[in-house]
Amino acid sequence: MQNQTNTTVRQLQEQSATTSASIGQLLEQSATSATSIGQLLEQQQDTSHKLSRVSAAVTTIQQGEQDTTAACERIVEMQNQTNTTVRQLQEQSATTSTSIGQLLEHQQDTNDKVSRVSAAVTTIQQVQTAMRSDLDGKIRLTAVSAAVEGQIRVATQNHYRSIGDTSTSFGSKGNGRVQFKYPTGITISKDGKVFIADAANHRVKVTTLDGTYIRDIGKRGSGNAEFNQPTDVAVDDDGDLVVVDYYNKRLQVLHQDGSYLKTMGNGAIGNSYGVVALSLPQHGICYAVTDINDGCVRVFEKGGRQLNKFGTPGSGPGQFNTPMGIISSNGRLLVVDYNNHRIQVFTTDGNFITMFGSRGESDGQFNYPKYIAEDRHGHVLVTDNRNHRVQVFTSDTFSHVATFGSSSCLTHPRGIAVSSSGTVYVSNTSKHRITMF
């Protein structure tokens, strides 16, 4: 056992030595480990600092990510807004493109119009140039024409002054083809026919300018195209005749061949001596007729409606004492005021303008004037019945120009007309013929 114990002790001693060696190694390792631990602690400390820095960096990165996310969201929002704006701009661009297209079309159209206007302006300028040239020529021509017209007017006046009793006549008393009984009103058509109211033969006689018989129109009666002492006749712009039917107290309108057209004034017109055809604005052809019963002038449309009536019995301006002959002159009506021994002038509406003449035997005075006419040179001619003469006046100032005729060649002259050539035709009533000067 001792041996065993010794063995055990030796083993234990060996183990103890081994253990001591191991402890030494362990101590060495512990020292090494301590050193390593220190190093590790230093590394840990360093790592902790790094981790702190990393953590701070991570925090910064996280904040950056949040900022980046927010920025991205704003960018997305801005992108959406940009997309919306782009779409709007695209739509506006499309609209603008359409507008530009329309503007281009308008511009093209405007260019075309400008071209046409330019061409028109050029044409107008050419026309204006031509018109100025033509106007200058016309002004010169007008001046020449005025001078010539003045010379003609003076020559005409001198002609009237030189007439005296120089005359020729046609007709005689009777009821034959070229015979008359108390001829009164006379008118001459544009084509040179002479129409004479052959009062006591109850007809209108038609002749040429030299007195050659053409036809008779009408007969005594009260029917259509029949007369009871016609006293005046006129030709309207249609070429139709209007005849004063004295005792039938009416107007009759007929074609120049004598065919009947219409009757007007039945029951409205009293006994009458004068009629004139005229054209009025908005009414066309009208007839103005003197009414000695009512002391007035009546105006009828060709259709027959009475358009106007002016004048009253009396001796004042615009009043009449037996109105007789009447003419239309330069937009006026000149009426012979028989018993007042004067001529009165009115507008075609019947407004009084002026009057001239008084009773007497001097130039410019009358002794029961009867009928009136106008020549183409602006002279008014009046038959001065009981002075047995014709007096001539200007148609602007009604100044006396000339007097011709006397009882040796005229007896109670009534109707009067002037041809385009200037020949004066007078109803030499008491001698039953037509006298020409």
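The values are calculated or read from the model by the stated rules, or taken from the named source; none is laboratory data. Quick caveat: nothing in here was measured; it's all calculated off a predicted structure. Here Cβ is always computed from backbone atoms with ideal geometry, including for glycine, and neighbour counts include all displayed protein chains. Each accessible area value is taken on the protein alone, full model and side chains, heavy atoms only, with ligands, DNA and RNA left out. Shrake-Rupley method; radii C 1.70, N 1.55, O 1.52, S 1.80 Å.
Number of residues in the range 362-386 that are in contact with an Asp or Glu (Cβ under 7 Å, 6 or more places away or on another chain) and within 17 Å of Thr322 (Cβ to Cβ) equals 3.
For the range 304-316, the criterion of being in contact with a Gly (Cβ under 7 Å, 6 or more places away or on another chain), at pLDDT 95 or above and surrounded by 23 or more Cβ atoms within 10 Å (Cβ to Cβ) is met by none of the residues. Residue count for the range 300-322, restricted to those that are assigned to a strand (DSSP E or B) and within 39 Å of the chain's Cα centre (by Cα): 9.
Is it true that Ile163 is closer than 22 Å to Val297 by Cβ and either open to solvent by less than 20 Å² (accessible area, probe 1.4 Å) or not aromatic (Phe, Trp, Tyr) (or both)? For Ile163, the condition - closer than 22 Å to Val297 by Cβ and either open to solvent by less than 20 Å² (accessible area, probe 1.4 Å) or not aromatic (Phe, Trp, Tyr) (or both) - is not met.
Taking residues in the range 320-332 that are at positive phi, and partners anywhere that are of a type in the set (A, V, I, L, M, F, W, C), the pairs with Cβ atoms closer than 7 Å and at least 6 places apart or on different chains are Thr322/Ile292.
The rows are residues; the columns are (1) assigned to a loop (DSSP other than H, G, I, E, B); (2) out of contact with any Phe, Trp or Tyr (no Cβ under 7 Å at 6 or more places or on another chain); (3) in contact (Cβ under 8 Å) with a residue 40 or more places away in the chain.
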position	(1), (2), (3)
Ser222	yes, yes, no
Thr231	no, no, yes
Val253	no, yes, yes
Lys262	no, yes, yes
Ser272	yes, no, yes
Arg298	no, yes, no
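In this structure, Arg161 does not satisfy being touching a strand residue (DSSP E or B) at 6+ places or on another chain (Cβ under 9 Å) and at pLDDT below 90. Against the test of being farther than 30 Å from Asp198 by Cβ and of a type outside the set (A, V, I, L, M, F, W, C), the options Gly357, Gly364, Gly415 yield a single qualifying residue, Gly364.
Screening the range 325-415 for strands (runs of 3 or more DSSP E) wholly inside it with 2 or more residues that are closer than 16 Å to Gly164 by Cα and touching a strand residue (DSSP E or B) at 6+ places or on another chain (Cβ under 8 Å) returns the ranges 379-384, 389-394, 400-404.
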